[in-house]
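The values are calculated or read from the model by the stated rules, or taken from the named source; none is laboratory data. Note that the structure is a prediction, hence the values are computed from the model and not measured. Note: ideal-geometry Cβ built from the backbone for every residue, glycine included; neighbour counts use all protein chains shown. We work out accessible area using only protein heavy atoms, side chains counted, and drop any ligands, DNA or RNA first. Shrake-Rupley method; radii C 1.70, N 1.55, O 1.52, S 1.80 Å.
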Amino acid sequence: MYSLLSYGKMMRDRGRMAAYGEALRQTVKPGSIVVDIGTGTGIFALLACQLGAKQVYAIEPDRAIAVAKEIAQANGYDDRVCFIQENSTQVELPHRADVIVSDLRGVLPFFGAHLPSIIDARERLLAPEGVLIPLRDRVWATIVEAPQLYEQYTSPWDDNPYGLQLQGAKPFVTNTWRKGKITPEQCLLAPQPCLTLDYTCIEDANGTVEFAGTISRSGIAHGICLWFDATLTEKIGFSNAPGQPELIYGQAFFPWKTPITVEPRDRVSIKLQANWVHQDYIWRWHSQIFHQGQSTQLKANFEQSTFWSQPLSSMQLHKQANAFVPSLNPDGKILQTILQLMNEQKSLGEIARHLTAQFPETFPTWQLALRRVGELSQQYSL
Ligand SMILES: C[S@@+](CC[C@H](N)C(=O)[O-])C[C@H]1O[C@@H](n2cnc3c(N)ncnc32)[C@H](O)[C@@H]1O
């Protein structure tokens, strides 16, 4: 979920907006039908109206869509934009689109439900000759010397003034990737184009980024850096490569378990996998570093995964096991009561009164109960 400040920041990213604006100019014609997936505060939908689109469907589950509606009205476009507060995968439209525009990525295209949403929209919402913006993204990779980024992972646990052993946290944090700014000078390997996500035909939300190469200079390698370049139309795109003008996406840094001293002619062989599981990505990265010119003598061999980034207690694992028979905790009982009463068509006020009577310790006042019921009504009511 983004704040309005974040939507403002996206709009202020001049490089991104100039590319998207030009891509829309090249594809939206007077009379076009346009679908804007993840409209946020409506910017692509409004640009499409400016370009003469006959009908725009602006789809967004977030409540930011209310702001988009107001802005459309203020610009006199409210008669042409149909705002739909929903996830695109749940939406049926009366017409297929000539253009579907979206930017559902994060630092990488493997973000949230981006890929499943685009695959679904292409199949159900796009006209046979329709155009997708973006057309494709290409993922690039390299090995980096990034002491400052790496230090953020390790130094809180390595150095502390309390004389305590805090290193138990390190195996978890080094299995976490994050956004990080990299310069071309930090690259220890010529950047490699590894994977193209062609949205016109992609079928799989999972992805594998695989590369191998020879280290170009001596240094201390701290991990892997990935970024993407976008092709919005055949003639317009942008790059997040280190050294390019900075865009909102940036680069992704995948740390290694430990830093590795590397020499020219050392070889690396890397495989990263993004697996779409339970509405999110689990990343695995397997890194092998070989001594100069040799393909058998390993300097390092790391298996890492975001799966190991969160401590899971044996109780948590037990609760997810096939044979576990759950019984509801107090929160679960409250949720069950509220949903049951909603299903019986009771008003929010009635449900709140019921809660204060049945769970007086949790809801000492009717107002408190009403707030909780209201939140769930936002989430679950039609
Ligand atoms: C990165 S923001 C982009 C906002 C705006 N289009 C822009 O470019 O400034 C992505 C938006 O897409 C929304 N979103 C993500 N998946 C979606 C889907 N399947 N259907 C509709 N909206 C989606 C998110 O809630 C978020 O508001």
Completion exercise
Kirkwood Rh over alpha-carbon pairs of region 78-206 plugged into Stokes-Einstein at 4 °C, 1.567 mPa s gives a D in µm²/s of 70
Fill in the blank from the handout: Per-residue accessible area, 1.4 Å probe, largest first, puts 103, 331 in the order 331, 103
Exercise for the section: Could you pull out which residues in region 20-35 have an amide N less than 13 Å from a spot 7 Å beyond the Cα of residue 95, following the Cα-Cβ vector? Expected result: 29-35
Problem - Beta bridges by DSSP in the chain, antiparallel share as percent, to the nearest 5 - result: 75
Completion exercise
A student applying the Cα gyration tensor rule (rounded when a/c is under 1.5; otherwise prolate if a/b is larger than b/c, oblate if not) would label region 137-311 prolate
Completion exercise
Once residue 210 and residue 367 are pulled to full extension, the length gained, defined as 0.36 nm per residue separation minus their Cα-Cα distance, is 51.0 nm
Exercise for the section: Please state, rounded to one decimal and in Å, the Kirkwood hydrodynamic radius that region 172-252 gives when every pair of distinct Cα atoms enters the mean of 1/r. Expected result: 14.8
Problem - Helical contribution to [θ] at 222 nm, DSSP H n ≥ 4, -39,500 (n - 2.57), averaged over the chain, rounded to 500 - result: -9000 deg cm²/dmol
Problem - Over region 4-103, volume per residue of the alpha carbon convex hull, in Å³ - result: 87
Handout entry: Contact order normalised by residue count of region 137-311, Cα under 8 Å, 6+ apart, percent
Key = 27
Completion exercise
Largest fluctuation, 329, 275, 206 only, Gaussian network model of the chain with Cα springs under 10 angstrom, belongs to 329
Exercise for the section: List the relative contact order of the chain as a percent without decimals, with contacts defined as Cα pairs under 8 Å and 6+ residues apart. Expected result: 13
Handout entry: Cα-Cα separations in region 84-152 greater than 20 Å, expressed as whole percent
Key = 43
Handout entry: Within the accessible area of region 272-382 (1.4 Å probe), percent carbon and sulfur
Key = 51
Exercise for the section: Kindly state, to the nearest 0.05, the FRET efficiency for residue 111 paired with residue 357, given R0 = 56 Å and r defined as their beta-carbon distance. Expected result: 0.80
Exercise for the section: For region 238-382, build the convex hull from the C-alpha positions and give me its volume per residue in Å³. Expected result: 241
Fill in the blank from the handout: So residue 297 and residue 327, fully extended at 0.36 nm per residue minus their Cα-Cα distance, gain in nm 5.5 nm
Handout entry: Between region 202-266 and region 126-188, the Cα center-to-center distance that results, in Å
Key = 10
Completion exercise
If the chain between residue 14 and residue 269 were fully extended at 0.36 nm per residue, the gain over the current Cα-Cα distance would be 88.2 nm
Fill in the blank from the handout: Low-density loop GluC sites (Glu not before Pro), region 25-94, at most 14 other Cβ within 10 Å, DSSP non-H/G/I/E/B, are 86, 92
Completion exercise
With the dipole of the chain defined by +1 on each Lys or Arg Cβ and -1 on each Asp or Glu Cβ, the option from 367, 50, 180 whose Cα lies farthest towards the positive pole is 180
Practice task
Choose one answer from 71, 270, 118: the residue with the largest mean-square fluctuation in a GNM of the chain with alpha-carbon springs under 10 Å.
Solution key: 71
Fill in the blank from the handout: Pairs over 27 Å Cα to Cα, from 54/235; 181/319; 69/181; 179/257; 9/257, come to 181/319; 69/181; 9/257
Problem - Rg/Rg_ref, the chain, where Rg_ref = 2.2 N^0.38 Å and atoms are Cα - result: 1.18
Exercise for the section: Within region 176-253, list the trypsin sites (Lys or Arg not before Pro) lying in a DSSP loop whose Cβ has at most 11 other Cβ atoms in a 10 Å radius. Expected result: 235
